[in-house]
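Everything below concerns the one structure shown next.
The values are calculated or read from the model by the stated rules, or taken from the named source; none is laboratory data. Predicted model only: the values in this text are computed from it and were never measured. Cβ: placed from backbone, ideal geometry, glycine included. Neighbour counts: every protein chain shown. With ligands, DNA and RNA removed, areas are computed over all heavy atoms of the protein, side chains included. Shrake-Rupley method; radii C 1.70, N 1.55, O 1.52, S 1.80 Å.
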Amino acid sequence: MLNGISANVLILGLVSFLTDVSSEMIYPLLPLFLTSVLGAGPAFLGVIEGVAESTAALLKLVSGIASDRVRSRKSLVFSGYALSSVARPLVAAATSAGAVLAVRFADRVGKGIRTSPRDALIADSTDPALRGKAYGFHRAMDHGGALVGPLVATLLLTWFVKDLRTVFWLAAIPGGLAVLLVAVRVRETERRQTANGSFLGFVPRGRLRRYLFVLLIFTLGNSSDAFLLLRAGELGVSVARIPLLWTFFHLVKMAGSTPFGSLSDRIGRRWVIVAGWGVYALSYAGFALATTEAACWLLFAVYGLFYAMTEGVEKALLADLVTPQERGGAFGWYNFAVGVGALPASLLFGFLWEKVGRGAAFGCGALLAAVAALLLLTVVGETRREPFLDNGP
């Protein structure tokens, strides 16, 4: 399973696993903490998440371009993980909703700094013929952390502690281990830096621009998964079973990410992505038509396959489309496009659900996925993958 996974990719996968354990020990409990302990309302929770994610999207663009112009991508990766790992547990000391906003802002700044340089470093450290597997492995580790984190928090609250603040402080442990791994075990790869010029001089062109446009079209139909949890409640999934459904969902994503990434190395990236977007369209149509809880569980499994088939493979295709000197900037634009498209996607979905009906909302998402799949096949071609020179340790 790990054949072809370089030391850097393995360590970065472990780092993402530990970071997500830390993050998911806190994130599912944050709404309860804000409302029951700090007395904030749902509207302020929306403000917190909106500010946090918008900040991260913009910084992913800036840090990606910067990583092509500095000697060490690792320094940006380390800085981002360190900032998040220091800031995140400080929510335990918050005495107001404003303090939580400041902590979430700092956490997302860290994510914005590290994400694009890390994705570029994975490409720098991987044979192009195995990029799909490498990115799939990384996503699998990330989903593994998202699965374990809530279970750890549940275990702590059930058997060991009764205070949410204590759980938040304990989340510093896996976060600190992740930062230590980056500092000690991640290695910079030898590469040629981008020539000096205007900082935002790298603007996507050609197939890269067309690919980002197609991704934006798909993202506009890919609303927040919170709507699926709302639909699950309508279909009879009780509040007590929602965490189990969410854990099952992450398990499917984790199990499928590496195999589908490897498949893209053999048959081509576009075909796996198109199949994944087709699975997405089918699952959204299914959520609109479902009438039973059993159907809901099946649809969450199918929806998890969509993530497994696309998350890592989309990044592998992006790396195929650019030169090594443009990778950071390309990942910056990729993460920016996906982040910018996420907000209007959820607004559109919510509007359609409320004003027209859930069938229209889910149908719109399925339609945009089908349009994006057709465009991917027609305007973005497969690429030749450059020879891999293993200049790492």
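Worth pointing out:
- For the stretch 61-182, the alpha carbon convex hull comes to 110 Å³ per residue, rounded to a whole number.
- Cross-link table 60/253; 74/133; 111/355; 162/355, entries beyond 32 Å C-alpha to C-alpha: 111/355; 162/355
- By definition, a body whose alpha carbon gyration tensor gives a ≥ b ≥ c is prolate when a/c is 1.5 or more and a/b is larger than b/c, and the stretch 64-121 fits this prolate description.
- Segments 228-235, 279-286 sorted - mean Cβ within 10 Å per residue, highest first: 279-286, 228-235
- Ordering 157-170, 287-300, 257-270 by mean Cβ neighbour count within 10 Å, with the highest value first, yields 257-270, 287-300, 157-170.
- With the convex hull constructed from alpha-carbon coordinates only, the stretch 215-342 shows a mean projected area of 8.0 nm² over all directions.
- Heavy-atom accessible surface of the chain: percent carbon and sulfur, 1.4 Å: 70 percent
- Estimated inter-spin distance, residue 216 and residue 295, nm [label 7 Å along Cα→Cβ]: 3.6 nm
- Whether the stretch 143-255 is rounded, prolate or oblate, judged on the alpha carbon gyration tensor where a/c under 1.5 counts as rounded: oblate
- Among the DSSP helices (H) of the chain, those spanning at least 20 angstrom by Cα along their long axis with an average Kyte-Doolittle hydropathy of 0.5 or more are 7-26, 42-69, 73-87, 206-220, 242-267, 269-289, 293-321, 327-355, 358-379; this is a geometric and hydropathy rule only.
- Mean-position separation - Cα centroids, the stretch 307-364 and the stretch 160-182, in angstrom: 31 Å
- Histogrammed with a bin width of 10 Å, the alpha carbon distances of the chain distribute as 5, 22, 34, 27, 10, 1 percent, first bin at zero.
- Contact order relative to length of the chain, as percent, for alpha carbon pairs under 8 angstrom and 6 or more apart: 28 percent
- Å² of accessible area per residue within the stretch 43-134, as computed with a 1.4 Å probe and no ligands counted: 31 Å²
- Backbone N within the stretch 226-243 under 12 Å of label point (7 Å from residue 151 Cα along the Cβ vector): none
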